[in-house]
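First up is the structure itself, then whatever we jot down about it.
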Amino acid sequence: MLHPILFPLLALSSGPEITLPSAEMRAGQEDPTERPPAVAWMGSWEQAKAEAARTKRPIMIMSAAPHCRAVPGKW
Amino acid sequence: MVTASRAFVCVRPATYESAAEGKLLLSLFRGRLGNLENSVFALLSPDGKERLTKTGRSPGMVFKTAAQMAERLTGLAQEVGPKRTKTFRSQQLPAYPTLRLALNVAACDDRPLIVRLNPSVPSKTKKKATDLLIEVAWSDEWVGRVHYAHATAADVRALEGMKKGAAIPESGYVSLSPAPLGQGAELLGTAAERASKAQLEKLLQEAVEGHKVSAVLSSRDHVRAGKRAGVSWETVIPVTDPGRLDKDRARRRLDRDGK
C-alpha cells in the first residue's frame, strides 16, 4: 500500500495513473534523465496567488512536509 | 492528470515552513485533532477565496481515482478559468523561498536544483537574464523537471559538500545535485550572467544528466541514515501532525513510566 503522503505526491508528479513511476522505478531505468512529465509547482503561496490573479486561473494547492521524523530529504 | 494540472496555478508550500502559509493551510483543512497536518490538498478559485471541491489531507480524500481527479480538474478549469484556456506559463521563476528549503525539496523529489545567483542586485540586464530563465523554466521541454532557488554565491559556496575553490561565479547561474539528505550539494555546472537561452537550456540538460538518481531508501531506512548522520530538520513553526504528536506523547509516557 502506498504511503498516505507519498500517494498524492506520486499521483500528482508522475502521470495519468495513481501507481505511476516513482523514484524506485526511475532508478532502474536505462536512461535516468528521461523523467515523466511533472506538475509545475510554484514554491510559495504569495507567488501562486499573484499569478492566479494575473492569469485568472484556479489554484491547486498541495502542501507537504519535506522531512520524515525530522530527517530531511523525504516527503 | 499532469496535463489537466497545466490549466491551474499549482503551488506546493512546504508545511510548517511559514507561519502565514501555516495559517492558510489550517484554514483549508484541519485534521482529526483540529491541527495542521503534514499535508493539505485544496482546489481554489482564482482569487484564492472559494473552495472548488472539498479539501483534505490528500487528493485521495477528495477523489476516488487519478482519472476522476483529472476529469474534475479539466471541468473546473473550464468553469472558472479563462475562456481561452492556454497552458499556464508564469512570469515568475517557480523558486522556493530559501536555498535551504529548495535543496531539501530537490532532495525529496530527487531532482537537480538551478540557482539564480545574486538576485538582490537590481539591474535591467539582471532582470532580462532572469526573464530568460523564466522562459526556459516554463517551456514545454522543461516545465516541472528541475527546481529553482535564488541565492548568493557565498550561500552556495557555504553548502556542505561544495569543494573548496569550486568555481562559483558571483552572478549568473549554477546547477546543483542535492545530497540525499538535502543538507548539501554537488556542483554540476555554471552559466554566465549573459547566458543565452540555448546556454541555459544546456545548463538544465547537463544538470538532469549529471544528477545521480539516489538509491531509493524506504522511509524507515532514510530516517535511520539521517539519524546516523546526525541530520535533523528544524521547521519554522511546530510540527502538529497527529503522527508526531502521538510519538511525542508515547515518548513522554516512556520517560515518565520508565517503561
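Where a number appears in this text, it was derived from the coordinates with a stated rule and is not lab data. It should be emphasised that the depicted structure is a prediction, and the values quoted were computed from it without experimental measurement. Methodologically, a virtual Cβ is constructed for each residue, glycine included, from the backbone with ideal geometry; neighbour enumeration extends over all protein chains shown.
The table that follows gives values for the structure above.
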read-out	value
Filter pass, residue B:128 being more than 18 Å from the chain's Cα centre (by Cα) and not in a helix (DSSP H, G or I)	no
Cross-chain or 6+ apart pairs with Cβ under 8 Å, region B:53-77 first and within 13 Å of residue B:5 (Cβ to Cβ), then surrounded by fewer than 16 Cβ atoms within 10 Å (Cβ to Cβ) and hydroxyl-bearing (Ser, Thr, Tyr)	B:70/B:3; B:77/B:85
Sole residue being away from chain A (no Cβ under 14 Å) and assigned to a strand (DSSP E or B), chosen from B:187, B:200	B:187
Matching residues, region B:140-166, being free of Cβ contacts under 8 Å to residues at least 40 places away in the same chain and among the hydroxyl-bearing types (Ser, Thr, Tyr)	B:152
Index of the failed condition, residue B:108 passing every other in (1) in contact (Cβ under 8 Å) with a residue 40 or more places away in the chain; (2) surrounded by 14 or more Cβ atoms within 10 Å (Cβ to Cβ); (3) outside any helix (DSSP H, G or I)	(3)
Residue check, residue B:95 out of contact with any Cys (no Cβ under 8 Å at 6 or more places or on another chain), over 21 Å from residue B:239 (Cβ atoms) and not polar (S, T, N, Q)	yes
Filter pass, residue B:165 being part of a loop (DSSP other than H, G, I, E, B) and under 15 Å from the mean Cα position of the chain (by Cα)	no
Yes/no for residue B:164 being of a type in the set (Lys, Arg), exposed (fewer than 14 other Cβ atoms within 10 Å of the Cβ) and farther than 25 Å from residue B:97 by Cβ	yes
Region B:26-60, residues that are assigned to a helix (DSSP H, G or I) and closer than 22 Å to residue A:38 by Cβ	B:59, B:60
